[in-house]
1. Taking the stretch 574-598, which residues are among the aliphatic types (A, V, I, L, M), in a helix (DSSP H, G or I) and farther than 23 Å from Asn564 by Cβ?
2. Within the stretch 52-86, track down each residue that is crowded, with 16+ Cβ neighbours inside 10 Å and either in contact with an Asp or Glu (Cβ under 8 Å, 6 or more places away or on another chain) or of a type in the set (Lys, Arg) (or both).
3. Of the residues Lys582, Lys557, which is open to solvent by 50 Å² or more (accessible area, probe 1.4 Å), at pLDDT 80 or above, farther than 18 Å from Asp539 by Cα and not aromatic (Phe, Trp, Tyr)?
4. Restricted to the stretch 459-483, and to residues that are in a loop (DSSP other than H, G, I, E, B) and of a type in the set (Lys, Arg), which residue is farthest from Leu13 (Cα to Cα)?
5. Among the candidates Arg523, Arg545, which residue alone is over 26 Å from Ala312 (Cα atoms), crowded, with 17+ Cβ neighbours inside 10 Å and among the basic types (Lys, Arg)?
6. Checking the conditions here, which among Phe605, Phe571 is farther than 16 Å from Asn526 by Cα and at pLDDT 85 or above?
7. Residues of the stretch 413-429 being in contact (Cβ under 8 Å) with a residue 40 or more places away in the chain and among the acidic types (Asp, Glu), which ones?
8. Gly434 - would you say it is open to solvent by less than 20 Å² (accessible area, probe 1.4 Å), assigned to a strand (DSSP E or B) and modelled with pLDDT under 95?
Amino acid sequence: MNKELYTKLKEDLAEAVRSKNIQKIEEIKKILNIPKEQEAYFSQGLTGYSSVDKVWLKHYKEGAEDFANNIPVNKTVWEVAESLLEKYSNINFIEYFGRNISRETFASYVEMWARAFRGVGIKKGDLIPIYTPATPEAFAMFFAANAIGAIPYYQKLAITKEALEKETKGAKFAVVFDSLWKNVKDVYEQDRFKNVFVISAADSMMFPLKQMTKFKSFIEESKNKNAIPKTNKFISTDKAKVIAKYYTGEYKVPFEKDRIAAITTSSGTTSSVVKGIMDTNEGILSSLACTINAETGYTEGKRTLTCFPPTASTSINCLQLLPTFTGGTIVFDPRVDMSIWYDQVMKNKPDITISTGPMWERFVQDLLKKEKETGKIQDLSWQDYFIMGGAGTTHNILNNLNSIVRERGAQRDFMVGYGFSEVFGVLSVAKYNGNYKESNNTKQVISVGIPLPGYTVGIFDENGKELPYGTGVRGELWIKAPSNMEGYFNKPKETATTVIDGWIHSGDLCEIDNEGYIYCYGRIKNSMTINNQKTYLFDIANDLRDHFGLHDIIIEKKKLEDGNLSLNMYFVQEPEKSMDTKELIFSIDDYLSKKNITIDGYKEFKNSLPIDPTTLKPKSRDKEGFIKYINDEKCDISYIEISNDIYQKSENLKAYIKK
């Protein structure tokens, strides 16, 4: 069916059910082949299509959607931010290792960098690759580039040399964090780069010599491997200040419709391919307006901890721009490390703290460890919003985390959200006043909340037909939002398969219930054909978790050298339900064999799965993958690692022999 006609029929159905035009309803029903369970919505004046009904809006204040779409007209992001910095000038803007930076001072940083950029010849439309963790200087550069009409492109810190070559094509200027120089030197030293700005963690510190001891490993590495050439090509912050001082011309450029304002990098959960996401001024401002009107906790005076690098739009949006636009304070700490996450949170005591499920699990583990060491219960009464995004968690883990933090005085349960880089930030968030709420906690996955006001979402089958919500049916989540990206940088093919007729195809298999809550099961591509049917690996994992009472589990597919696929399983047992690992694996093998499913390799962890907070993938693999495969004349053999003990599995003998 023609897409325009299909959309028109859904709109006509909405009008027909509202006006109770039975004849029209019957006509459209036959054309759209509407299932019986969807017809139950008609008596309520609804269509059963979430993209039309938008049932989630009842959870927001009246007019929230209209207000979310009401953004400043013909303004750049910096022009709006500059006025808001002045509006909230009485509230401290940045905390950075003991130093408070006012909004007025930060605005002067922005002007300094804008003039420095102009002074070396950067002009409107120029690409500026930025390779840096979260620091005040890096954030000021975002606005400085926006002010002069240049395009800041925040590079993924784990980017390869080959990918960096492609993603910086055409760029003549760049920015690097000094301690990360060795990662980009082979590219940034090329003659095509006229100048490279070099920033340091110490640039905005009050007492650099004393405070840089926190970055001891950075300093030592810089001395040995990160020696940046001392030539005029490389410009330190101090040199940039001098250049800025002598540039006396106009540096701001006027607003221009649909001009690319910034490029961020996809989070890495959707693909190993680096994808630069292009956003306009209008898109960024729309995303901020929609999030603010969702009442997600960002209000005047709230302090937000910022550790994650500004590479993904969800990071720079939620951790830096939202506090800027709501009169909040940003607490910068560029270190991203699970081992110090607990200390970072407890020392700074921020009102708003955002991280992944695995990071929050580690936080609670370290909290309990601290209590055991000191004999004192830790106080969390200062907590306002603990927000969980990125890699999610399970019902049991979330309930346990909520119970632990509440017992220590936390004001609210964890708020769960769903960030999506292609809409420049937040897509959905759990809506509640204190206790975690979702419409249906019998699902195998937790809800990631309801869509923001101003967003249109729906679940669709492989043929582009929208599926009814509230019926338990799953499909690919499509999004249409005022903040939709313009496309992927220099990747027209990827753009064409992701943005179709104004809809962003998420690649996520989701379900929407009758209250508008989204349940995200996993990536559609994480599947394989078993018994001539498409089988999702996360469905296998969820089934095993529930059947065997596992604490957490991930199943991934691995392509072998011979082209065949194997399945590998990472898991954590519930401490109180723990059984002998070998017996458990035998039981799993037996259970799955009845479904013609074979797990080729296992790895057990204690407490939680160690997942990289940036890539959201297990960190524990060796160079060949965590399973090593050996050719054998009689049988295929794989190694199983259990609590650092290696076991050899023989399919013929069905036995495990400790190596």
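1. Taking the stretch 574-598 first, the residues among the aliphatic types (A, V, I, L, M) are 579, 584-585, 588, 592, 597.
Filter once more, so that each one left must be in a helix (DSSP H, G or I): 584-585, 588, 592.
Across the stretch 574-598, the qualifying residue is only Leu584.
2. Once the filter is applied, which keeps residues that are crowded, with 16+ Cβ neighbours inside 10 Å and either in contact with an Asp or Glu (Cβ under 8 Å, 6 or more places away or on another chain) or of a type in the set (Lys, Arg) (or both), the stretch 52-86 yields Val52, Lys54, Val55, Trp56, Leu57, His59, Tyr60, Ile71, Lys75, Leu85.
3. Details: Lys557 fails: farther than 18 Å from Asp539 by Cα.
Only one candidate qualifies: Lys582.
4. To start, the set of residues in the stretch 459-483 that are in a loop (DSSP other than H, G, I, E, B) comprises 461-465, 468-474, 481-483.
Pick out the ones that are also of a type in the set (Lys, Arg) and you get 465, 474.
Details: Lys465: 15, Arg474: 22 Å.
The extreme case among them is Arg474.
5. On the way: Arg523 fails: over 26 Å from Ala312 (Cα atoms).
That would be Arg545, the only listed residue that is over 26 Å from Ala312 (Cα atoms), crowded, with 17+ Cβ neighbours inside 10 Å and among the basic types (Lys, Arg).
6. Working: Phe605 fails: at pLDDT 85 or above.
When all the criteria are applied, what remains is Phe571.
7. Hit for the stretch 413-429 is Glu422, nothing else.
8. Working: open to solvent by less than 20 Å² (accessible area, probe 1.4 Å): yes; assigned to a strand (DSSP E or B): no; modelled with pLDDT under 95: yes.
Criteria not met by Gly434.
The values are calculated or read from the model by the stated rules, or taken from the named source; none is laboratory data. Note that the structure is predicted; figures quoted are calculated from it, not measured. Note that each Cβ is placed from the backbone with ideal geometry, even for glycine, and that neighbours are counted across all protein chains shown. For the accessible areas, the whole protein counts, side chains as well, though only heavy atoms, and no ligand, DNA or RNA atoms are used. Shrake-Rupley method; radii C 1.70, N 1.55, O 1.52, S 1.80 Å.
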